[in-house]
Amino acid sequence: MRIDRRFLNWGVFFILLGVIPLAVQANVLDRDVVARSWQLWPLLIIGAGVGLLLRRTALAFAGGLIAAATFGLMLGSLLAVGSDFSGLGRSCGGDSGTAFPATQGTLSNGRVRLEFACGDLTVGTASASGWALTGTSKDGALPRIDSSADRLSIRSRDANVGFMGFGNRQAWAVTLPQDPTLDLDVQLNAGSSTLGLAGAHLGTLDVQGNAGSVTVDLGAVAAVQRVQVQVNAGSARIALPAASLTGDFQVNAGSIAFCVPQGTGLRITAADNLTASNNFADQGLSKSGNTWESSDYPSATSRITLSTSANAGSLTLNPKDGCR
């Protein structure tokens, strides 16, 4: 048999893309080990170097083969891990460091932006208009904080390097006020995040998770108008409220699970492709064109309208193990 080297890299990539999830399902590979597959990224650089060294020899294909195998392992592992990407946050950096000084302030209607890298982020709420931050970081250094009467920004000092695992592991506990109406923007890189937003008044909630896991609990939120969630090489679980809102869910190489309370009408406009999967039909939604709709949507008092897209990812409505 003669192998056409023009398609060798693609063949290796797709074989590993399928074999890794099967091996995890069969308990041949440990899920926690697979969750750390993103740490193989240096092999991409090695593959490039091998390709340059051997470019004028019969083994010139070896560099591309290493890169294709690495991509197949990484993406296949991400698909296999499914909704549990918390290992990415646990494997980021070293220990959580030293406690930094507690910081607090007041906030009226306005915008909150959290940019977190490498570790564990917890967001909660409290009555009145005060916000607070506690946690740990390397050498007890405070994150970058910029606050005013109508704006709060908290950023990791090494936000740009956490994704590759070089960041200094940290832990934040952020408390936001329930009384003012806030636009909340959260960006998570290589970590694990839990957003418990009971009693909050939100205009827009915008969450982006890169190489990590995010849990968003909106079940007891006081008000929210729009929810936008984007996941890249990670996972998200979202408990939606029994209230009318619009949303946009995007997943690239990962998964989003979301729960809709019984009696709340649901309409989903889905951008389907060959690498995407969902369980909308299994949950009783009917399809017309690229739109899925619950039978009670036209008559429901509370309606949730979503746009979704997935590339090498999955969208799961009302998973058996819940969204909290």
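The values are calculated or read from the model by the stated rules, or taken from the named source; none is laboratory data. Just so you know, these numbers come straight off a predicted model, no measurement behind them. Here Cβ is always computed from backbone atoms with ideal geometry, including for glycine, and neighbour counts include all displayed protein chains. All accessible areas refer to the heavy atoms of the entire protein, side chains included, with ligands and DNA or RNA removed. Shrake-Rupley method; radii C 1.70, N 1.55, O 1.52, S 1.80 Å.
For the range 310-320, the Karplus equation 6.51 cos²θ - 1.76 cosθ + 1.60, evaluated at θ = phi - 60°, returns couplings of 9, 10, 6, x, 10, 10, 10, 8, 6, x, 4 Hz by residue, with Gly and Pro reported as x.
Taking amide H as placed 1.01 Å from N in the peptide plane, the amide H of Leu245 sits under 5 Å from that of Arg303, Ile304, Thr305, each at least 5 places away or on another chain. Here the Karplus relation 6.51 cos²θ - 1.76 cosθ + 1.60, evaluated at θ = phi - 60°, turns the backbone of the range 208-217 into coupling constants of 10, x, 10, 6, x, 10, 10, 10, 10, 10 Hz, with x for every Gly and Pro. Length, then width, then depth: along the principal axes, the Cα atoms of the range 208-324 run 38, 33, 24 Å. Close amide H pairs (under 5 Å, H built 1.01 Å from N) link Thr215 with Ser193, Thr194, Leu195, Arg237, residues at least 5 positions away or on another chain. Across the range 108-120, computed HN-Hα scalar couplings (Karplus, 6.51 cos²θ - 1.76 cosθ + 1.60, θ = phi - 60°) run 9, 3, x, 10, 10, 10, 10, 10, 10, 9, 6, x, 10 Hz from first to last residue, x flagging Gly and Pro.
From most to least packed by mean Cβ count within 10 Å, the peptides 218-226, 170-178, 104-112 give 170-178, 218-226, 104-112. Rolling a 1.4 Å probe over the protein heavy atoms gives the range 174-324 an accessible area of 38 Å² per residue.
Of the residues Asp146, Asp248, ranked by 1.4 Å probe accessible area with the largest first, the sequence reads Asp146, Asp248.
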